[in-house]
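The values are calculated or read from the model by the stated rules, or taken from the named source; none is laboratory data. Values in this document were obtained by computation on a predicted structure and should not be read as measured data. When we count neighbours, we look across all protein chains shown, and the Cβ atoms used for this are built from the backbone with ideal geometry, even at glycine.
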Amino acid sequence: MSNQQSFYNKVYDAVKRIPAGHVATYGQIAAMCGSPRASRIVGGALHRNPEPIVTPCHRVVNRFGGLAPAFAFGGQQVQKELLEAEGVAVRDDFTVDLERYLWDGK
């Protein structure tokens, strides 16, 4: 297994831990995987997510609470609908209130 694939697997494992009704940031996931400066790589891993239902990548947002403009599985509107179905309010500008919904990582 390559280093990249090993890191991707760490990302998928971390994302699977985010509970419904919460979000995490790309940077938060990168830090959980031992590479706090690898938020873009986290985004790349999630864009290639082989199990989008099993690995809830829709729960990952940017550091401002913004949804992914090119959400790999249908765009911002689909990501918004998935989050709202779990009880996460998404604003009209496709952002989430991180003070309210950010997962504490525990």
Which is over 21 Å from ALA31 (Cα atoms) and of a type in the set (Asp, Glu), of GLU81, GLU99? GLU81
Pairs returned, first residue in the stretch 39-50 that is in contact (Cβ under 8 Å) with a residue 12 or more places away in the chain, second residue that is charged (D, E, K, R) and in a helix (DSSP H, G or I), beta-carbon separation under 9 angstrom, 6 or more apart or interchain, are ALA45/LYS10
Anything in the stretch 1-13 that is under 14 Å from ALA38 (Cα atoms) and small (Gly, Ala, Ser)? List them, or say none. SER6
Residue that is surrounded by the fewest Cβ atoms within 10 Å (Cβ to Cβ) [pool: residues in the stretch 73-106 that are aromatic (Phe, Trp, Tyr) and not in a helix (DSSP H, G or I)]: PHE73
Hand me the list of helices (runs of 4 or more DSSP H) wholly inside the stretch 1-72 holding 3 or more residues that are surrounded by fewer than 19 Cβ atoms within 10 Å (Cβ to Cβ) and either in contact with a Leu (Cβ under 6 Å, 6 or more places away or on another chain) or at pLDDT below 90 (or both). 3-16
